[in-house]
Every structure is written in structure tokens, then in C-alpha cells.
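First comes the structure, then the notes that go with it.
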Amino acid sequence: MYASSVCTKFVHTSINKVRHPLNALATSPDGKRVVTGATSGEFTLWNSQYFNFETILQAHENAIRSLIFTHSDEFLLSGDHGGVVKYW
């Protein structure tokens, strides 16, 4: 099934940035932030209230495969394709 239209209010495009497929997505427990993990090994922290990004970080050398926030919203765990797990 294909979409014939897109709601552009919630679409964001970054210019001058190489695009990479996203493999992982996590929402903070309070719902204020979203983190996406890309095949390039970087993750992007988004402000979900205003739909803009806060920071981009080269987090891993391999593709990020999983992201999860702790229940306390104090830490973020990320795992990559090479088996490395990091907490932030």
C-alpha cells in the first residue's frame, strides 16, 4: 500500500546532511524527546514538542540497532551491529 499524500506539518528535512537509513527509535518516558539511531553510527536527539533536533552525535562505529531509555529517564542505552552497548 502506498500513501498518496503526506502531512507536511510533521515532516522535517535537514539540508547539507548526508542521509542514512534509521534503524532504531526511542521515546523518553516523559515523551519530550525522541532519539533516532542511523546506519552511520550516529544518533539524533529530537525535541518532540517542537519537532526540531537538539543534537547529533557520532555514538558508534557501526550501525545503531537498538535504543532504549531507562524508566527513570536518567540514561539512554544504545547497541550497535558490532555488539557494542553504551549508556549515556
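Throughout, read-outs are computed from the coordinates displayed, never taken from laboratory work. What you see is a predicted model; the values in this text were computed from it and never measured. As a convention, Cβ positions derive from the backbone with ideal geometry for all residues, glycine included, and neighbour counts pool all protein chains shown.
The loop-placed chymotrypsin sites (Phe, Trp or Tyr not before Pro) in the range 35-72, going by DSSP, that have at most 11 neighbouring Cβ atoms within 10 Å of their Cβ come out as Tyr50.
Report the net charge of residues surrounding Arg33, where surrounding means a beta-carbon distance below 14 angstrom and charges are Lys +1, Arg +1, Asp -1, Glu -1. Value of the local net charge: -3.
Within a Cβ distance under 10 Å of His81, other residues only, what is the Lys/Arg minus Asp/Glu net charge? Display every interim value, and only then the final one.
Details: positive: Arg65; negative: Glu61, Asp80.
My count for the surroundings of His81 gives -1.
Charge tally around Leu57: other residues with Cβ under 11 Å, Lys/Arg +1 each, Asp/Glu -1 each, net -1. If a spin label sat at a point 7 angstrom from the Cα of Val18 along the line to its beta carbon, the backbone N atoms of the range 26-42 nearer than 14 Å would be those of 38-42. I need the calculated FRET efficiency for the pair Phe51 and His81, taking r as the beta carbon distance and R₀ as 30 Å, to the nearest 0.05. The pair Phe51/His81 has a calculated efficiency of 0.60.
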